[in-house]
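Following: one structure in structure tokens, then a few remarks.
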Amino acid sequence: HARPAVHTLSIRGAGLADLGCLYLLTDHLQHLDVRNNRLRGLHFTFPMAALRTLRIDDNAVASFTGVDCIRGLETLTADGNQLGLTDTGGTPPQPEPLSFAPLSDSLVSLSLRRNGLEFIPRGCETMTRLSSLSVSRNDIENLSLTRPDHAAPARPKLLARLKVNDDGFSALQSLRSLDFQHNKVDSFPAGLYLLPCLEILTGSHNRLTNLD
């Protein structure tokens, strides 16, 4: 029997605890909205090559694995979850650190507001197509795309000459909007000054004392 050709699926506020039935829709599903449910983890074990939009806001997601299966994803909103617990070694532990690296060639919009994050997740530093990034209302102190436990992208010649650390932002040449409101950020990444497409920068309610 042929599988259903559903390309858009919205199941909001339905009390879902898992997405195990999705394997029946993997061939055609492009847009998935499961906001306001009871999901505690997203563990993709089957390819969803057609998926372009995933909205999982306001669940209790604390682990996100199998990202390889959704490599074509362009928009991810995961506001109001618990991804910060896994990124810093909290409970429950994640088998490997939270990373969106497999989406570096596809993701255009990423929203991770209200997740208790202390760092911007791994993989963001190589997202050359990323146009919009929102990490507002987290616990981020260092607004950086590079961390000691993973390699930093090559530094532009200008910043290398000036001996300035750009924190990886200069690689995001498509970035138009960055929202980091309501965090604990106290320094401004110099790499933001090298982004030709940046139009909207929102950093209210942080600990910034200057923009150097």
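The values are calculated or read from the model by the stated rules, or taken from the named source; none is laboratory data. Just so it is clear, the model here is predicted, and its values are computed rather than measured. Keep in mind that these areas ignore ligands, DNA and RNA; they rest on the heavy atoms of the full protein, side chains included. Shrake-Rupley method; radii C 1.70, N 1.55, O 1.52, S 1.80 Å.
Largest first, the residues 128, 202 sort by 1.4 Å accessible area into 128, 202. Counting only protein heavy atoms and using a 1.4 Å probe, the accessible area of residue 141 comes to about 100 Å². Accessible surface for residue 61 stands near 0 Å², nearest 10, in the context of the full protein assembly shown (1.4 Å probe).
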